[in-house]
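*Asks:* Pasting in a structure now, in structure tokens, and then I'll have a few things to ask.
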Amino acid sequence: MALVYGPIIETLIFNMFLNEIICKFLNKYATIIISSLVFAAIHFYSLYYVFFAFIGGVVLNTLYFYCKINWSMYLAFFVTWLLHFNHNLIGIILNK
């Protein structure tokens with residue numbers, strides 16, 4: 001679940017949906033911050049985890065915008081999902 005479905009659902013919600021809505025009203029930098037804050041808020045296991053989820057959200061959202069602007073929304077989705085997948089995979093491996 002944490003490897004495949006979680007990153008797919010979160011990429012759809014926070015990158016393809018939330019970013020696209022917020023970006024209609026604000027610039028991409030404000031969009032990245034707001035979307036990353038919401039992403040961090042749903043990962044509220046501890047303040048430590050929220051902080052690193054926010055940093056991860058900034059990285060993923062920035063990557064999404066970069067790929068979307070330079071290539072396409074679909075490639076941006078795939079690259080963002082793949083990075084999120086790899087991040088979760090490393091976390092699972094290190095916890096065992």
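The values are calculated or read from the model by the stated rules, or taken from the named source; none is laboratory data. Computed from a predicted model, the values in this text were never measured in an experiment. Note that we place each Cβ from the backbone using ideal geometry, even for glycine, and neighbour counts take in every protein chain shown. Please note that ligands, DNA and RNA were not included when accessible areas were found on the heavy atoms of the full protein model with its side chains. Shrake-Rupley method; radii C 1.70, N 1.55, O 1.52, S 1.80 Å.
*Asks:* Please find, within region 14-45, the residue that is farthest from Leu89 (Cα to Cα) out of those that are of a type in the set (Phe, Trp, Tyr) and open to solvent by 80 Å² or more (accessible area, probe 1.4 Å).
*Replies:* Applying the filter and picking the extreme gives Phe25.
*Asks:* Out of all the residues in region 5-53, which are within 14 Å of the chain's Cα centre (by Cα) and in a loop (DSSP other than H, G, I, E, B)?
*Replies:* Answer for region 5-53, where residues must be within 14 Å of the chain's Cα centre (by Cα) and in a loop (DSSP other than H, G, I, E, B): Ile42, His43.
*Asks:* Of the numbered conditions (1) without any contact (Cβ under 8 Å) to a residue 12 or more places away in the chain; (2) open to solvent by less than 60 Å² (accessible area, probe 1.4 Å), Tyr48 satisfies every one except a single condition; which is it?
*Replies:* (2)
*Asks:* I would also like to ask the following. Can you give me the number of residues within region 59-86 that are open to solvent by 40 Å² or more (accessible area, probe 1.4 Å), free of Cβ contacts under 8 Å to residues at least 60 places away in the same chain and either within 17 Å of Cys23 (Cα to Cα) or under 15 Å from the mean Cα position of the chain (by Cα) (or both)?
*Replies:* Residues flagged as open to solvent by 40 Å² or more (accessible area, probe 1.4 Å), free of Cβ contacts under 8 Å to residues at least 60 places away in the same chain and either within 17 Å of Cys23 (Cα to Cα) or under 15 Å from the mean Cα position of the chain (by Cα) (or both) within region 59-86 amount to 16.
*Asks:* Can I ask one more? Please give the number of the condition Thr11 fails out of (1) closer than 11 Å to Asn61 by Cα; (2) open to solvent by 40 Å² or more (accessible area, probe 1.4 Å).
*Replies:* Condition not satisfied by Thr11: (2).
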